[in-house]
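**Student:** My questions will all concern the structure given below.
The values are calculated or read from the model by the stated rules, or taken from the named source; none is laboratory data. Since the model is a prediction, treat every value here as computed from it, not as a measurement. Cβ: placed from backbone, ideal geometry, glycine included. Neighbour counts: every protein chain shown. Note: accessible area is taken over every heavy atom of the protein model, side chains too, but ligands, DNA and RNA are not part of it. Shrake-Rupley method; radii C 1.70, N 1.55, O 1.52, S 1.80 Å.
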Amino acid sequence: MFDNLISLIPDIGKAISQTGIMLSISVGSAVLLGIPIGVLLYFTAKGQIYEKPFVFHIVNYCVNTIRSLPFIILLVAIIPLTRSIAGTTIGPVAASVPLSIAAVAYFARLVEQSLREVPKGAIEAALAMGAAPLHITWKVLLGEARSGIVLGVTVTTISLLSYSAMAGYVGGGGIGDLAVRFGYYRFQTDVMIFTVVLLIVVVQLIQFAGNLLAKKLDKR
């Protein structure tokens, strides 16, 4: 029953490595760029202390546009951009370009929502004490919202894991690509079952770790 799995052990190891590369790059990009964009959306929105309607509408429109595109369409639509950045359109690094773009937009919105849950009284108190914008952002906003942001990272990572399966259609590789090429096209049921179980286990571990860390960081 497991003959196919045994013969595919090198391919399975390679697929896991490719998925790890795609997740590492895209999640890292989401954190590095998504948090600043989320903070910008929060501060420039109507009724906030640094209200800038023009800036907010431009950033908000860009985020909504990217989030409204099905990932497979985004994947194909930005192939020229992928080629210019990664030098190729094949492989996990190339697939990380559209994954990162989707992740940044998705995570930025989650960050904005987490920041909106911070009591305005905490910000007003910091302003009354003469706190600088950087201090308000880092110590007050991000400090109070860090539990929600960690949960946002968790949700984003799990979503990207499912998106990475679609990257296999354009040569991105990964666990999803292995399931499609061998489990579906070659009717190797054992391979399909293994990849499904593997993805379920990975998702459970990511969610468990995210929940545990968020609980430790929650000040409430």
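**Student:** Can you name every residue in region 181-198 that is crowded, with 19+ Cβ neighbours inside 10 Å and either small (G, A, S) or in a helix (DSSP H, G or I) (or both)?
**Tutor:** Across region 181-198, the qualifying residues are F182, G183, V191, F194, T195.
**Student:** Further, regarding this structure: Determine if region 83-102 includes at least one residue that is buried (at least 16 other Cβ atoms within 10 Å of the Cβ), in contact (Cβ under 8 Å) with a residue 12 or more places away in the chain and either touching a Pro at 6+ places or on another chain (Cβ under 8 Å) or under 19 Å from T44 (Cβ atoms) (or both).
**Tutor:** no
**Student:** If a residue has to be among the β-branched types (V, I, T) and open to solvent by 10 Å² or more (accessible area, probe 1.4 Å) to count, how many in region 103-117 make the cut?
**Tutor:** The total comes to 1.
**Student:** Kindly list, by first and then second residue, each pair from a residue in region 198-220 that is under 15 Å from S147 (Cα atoms) to a residue that is among the charged types (D, E, K, R), limited to pairs with Cβ atoms under 6 Å and residues at least 6 apart or on different chains.
**Tutor:** These pairs meet every condition: L217/R146.
**Student:** Confirm whether I158 is under 14 Å from the mean Cα position of the chain (by Cα) and surrounded by fewer than 21 Cβ atoms within 10 Å (Cβ to Cβ).
**Tutor:** In short, yes.
**Student:** Which number in (1) on the phi > 0 side of the Ramachandran plot; (2) open to solvent by 70 Å² or more (accessible area, probe 1.4 Å) marks the one condition that G47 misses?
**Tutor:** (2)
Condition check ((1) over 25 Å from M166 (Cα atoms); (2) in contact with a Lys or Arg (Cβ under 8 Å, 6 or more places away or on another chain)) across all residues:
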residue: P10; (1), (2): no, no
residue: I21; (1), (2): no, no
residue: S24; (1), (2): no, no
residue: S29; (1), (2): no, no
residue: L40; (1), (2): yes, no
residue: T44; (1), (2): yes, yes
